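Before any comments, here is the structure.
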Amino acid sequence: MGALLRAWDVLTRRIDTMLFACALAIVGVGLVTLFSAADQSIARVTSQAMSLSFAVVLMWIFANIAPQTLARAAVPLYVVAVAMLVGVALFGIVVNGSRRWLNLGVARFQPSELMKIALPLMLAWYFQKFEGRIGWKDFVFAAVLIVVPVYLIKRQPDLGTSLLIAASGFYVLFLAGLSWKVIVGLVAAAAAVGPMVWTHLHDYQRERILTFLDPGRDPLGAGYHSMQASIALGSGGIVGKGWLNGTQTHLDFLPERHTDFIFAVFGEEFGLIGAGVLLLLYLLLIGRAMVITANASTMFARLVAGAITLMFFTYAFVNMAMVSGLLPVVGVPLPLVSYGGTAMISLFIGLGILMSVQAHRKLVMT
């Protein structure tokens, strides 16, 4: 019995209980909703559960790797991620008109998910290297490190993921001390070049923005996703229609219901109360991650933990706002809920890094 307790202590020593419990609760919500969204497909739920098992193992591994070791791996990981994105551009798999995946033989892999982890690690490593003497040239170089993967992902095309990865890189710059004057200047510059960016968008991307401004302009075309999601959410009412009883879902009105629009499925079946519970779980997870970030013992750990925390917040906020019609449809999955093995793995690796920051902070403090 004593040996079993010691083994259990070794396995759970670096695991942050609150962070892990919130993540598992959200995943549980995702599996229940996925079963309904996927027309009660056991195979799809089993596939997601297998991805979860692998993701938890990777989370445990990263939780036991010291932040200093992660810092040493930052550069090669970033280089590999960029190389894989180039590989996608050259010979990636095309699905639904987008070239986003590499065929690894046993499975398909989406390198943009790896970049969600690689970019914050790379930027945090770079800024820690020049801690105490960070100048404007460092921020310019960091911006180049962000632009390269963002451009490659945007060409796939995957505008939503490219913007969110750009946001994760910006979070590191902000936490590293980027001046508010520079931020305001960048916002003004972005507004100024808006018309130029518009000309480089794909037709469907322009339609999404125009439909966001006027949802009724094309209700059976570009506006279909947004309108059906709004109908599903609204029809759920306060308590929802009940599990497996969503009409928008099971009468096939709601598109992409197991991925980008799974929140609409959940809202229709579990109502405002269910949505509130899910939102609370996200707030608890993000709140715990913010505490870990605030207590980080090194600049590298603080920057990485802060970027991962804000990444979770941004992904959840953008997806829920998109499904609710508050933002244009950009194809962003709901973290830990939407179907997708690669996304599940990258998010749990992020949780493992947060746990590593928390666990090794104690070691440094003592």
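Applying the set (1) in contact with a His (Cβ under 7 Å, 6 or more places away or on another chain); (2) buried (at least 22 other Cβ atoms within 10 Å of the Cβ) to GLU113 leaves exactly one unmet item: (1).
Counted as qualifying within the stretch 260-366 are the helices (runs of 4 or more DSSP H) with 2 or more residues that are farther than 22 Å from ILE61 by Cβ, at pLDDT below 95 and of a type in the set (A, V, I, L, M), namely 262-294, 299-323. Determine the pairs where a residue that is hydroxyl-bearing (Ser, Thr, Tyr), located within the stretch 1-29, has a partner that is modelled with pLDDT of 70 or more and surrounded by 14 or more Cβ atoms within 10 Å (Cβ to Cβ) with Cβ atoms under 7 Å apart, the partner being 6 or more residues away or on another chain. Sorted first by the residue in the stretch 1-29, then by its partner, the list stays empty. Please enumerate the residues belonging to the stretch 74-99 that are among the hydrophobic types (A, V, I, L, M, F, W, C), surrounded by 12 or more Cβ atoms within 10 Å (Cβ to Cβ) and in a helix (DSSP H, G or I). Matches in the stretch 74-99: ALA74, VAL75, LEU77, VAL79, VAL80, ALA81, VAL82, MET84, LEU85, VAL86, VAL88, ALA89. Residues being aliphatic (A, V, I, L, M), within 23 Å of ALA73 (Cα to Cα) and either in contact (Cβ under 8 Å) with a residue 60 or more places away in the chain or not in a helix (DSSP H, G or I) (or both): count how many of those fall in the stretch 120-163. Residues that pass the stated criteria total 8. Counting residues in the stretch 274-283 that are more than 20 Å from the chain's Cα centre (by Cα) and surrounded by 18 or more Cβ atoms within 10 Å (Cβ to Cβ) gives one or more.
A residue that is at pLDDT below 90 and under 14 Å from PRO120 (Cα atoms) occurs nowhere in the stretch 182-199. Within the stretch 127-139, one or more residues are surrounded by 14 or more Cβ atoms within 10 Å (Cβ to Cβ), under 22 Å from SER168 (Cβ atoms) and modelled with pLDDT of 90 or more.
Of all residues in the stretch 100-113 being in a loop (DSSP other than H, G, I, E, B) and of a type in the set (A, V, I, L, M, F, W, C), which is nearest to PHE127 (Cα to Cα)? For the stretch 100-113, the residue satisfying everything is LEU104. In this structure, is LEU280 of a type outside the set (Lys, Arg) and touching a helix residue (DSSP H, G or I) at 6+ places or on another chain (Cβ under 6 Å)? No, not satisfied. Within the stretch 268-289, residues that are touching a residue at least 40 places away in the same chain (Cβ under 8 Å) and within 18 Å of ILE353 (Cα to Cα) reach partners that are β-branched (Val, Ile, Thr) and assigned to a helix (DSSP H, G or I) with beta carbons closer than 6 Å, at six or more positions or on different chains, in the pairs ALA289/THR309. Residues of the stretch 157-182 that are surrounded by fewer than 17 Cβ atoms within 10 Å (Cβ to Cβ) and within 20 Å of PHE130 (Cβ to Cβ): GLY177, SER179, VAL182.
For (1) touching a residue at least 60 places away in the same chain (Cβ under 8 Å); (2) polar (S, T, N, Q); (3) buried (at least 24 other Cβ atoms within 10 Å of the Cβ); (4) touching a strand residue (DSSP E or B) at 6+ places or on another chain (Cβ under 7 Å), each residue gets a yes or a no:
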{"residue": "VAL318", "(1), (2), (3), (4)": "yes, no, no, no"}
{"residue": "SER324", "(1), (2), (3), (4)": "yes, yes, no, no"}
{"residue": "GLY331", "(1), (2), (3), (4)": "yes, no, no, no"}
{"residue": "VAL337", "(1), (2), (3), (4)": "yes, no, yes, no"}
{"residue": "THR342", "(1), (2), (3), (4)": "yes, yes, no, yes"}
{"residue": "GLY352", "(1), (2), (3), (4)": "yes, no, yes, no"}
{"residue": "SER356", "(1), (2), (3), (4)": "yes, yes, yes, no"}
{"residue": "HIS360", "(1), (2), (3), (4)": "yes, no, no, no"}
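Among the residues of the stretch 141-185, those that are among the small types (Gly, Ala, Ser) and under 16 Å from the mean Cα position of the chain (by Cα) comprise GLY160, SER162, ALA166, ALA167, SER168, GLY169.
The values are calculated or read from the model by the stated rules, or taken from the named source; none is laboratory data. Keep in mind it's a predicted model, so treat the numbers as computed, not measured. Heads up, the Cβs are rebuilt from the backbone with ideal geometry, glycines too, and the neighbour counts pull from every protein chain shown.
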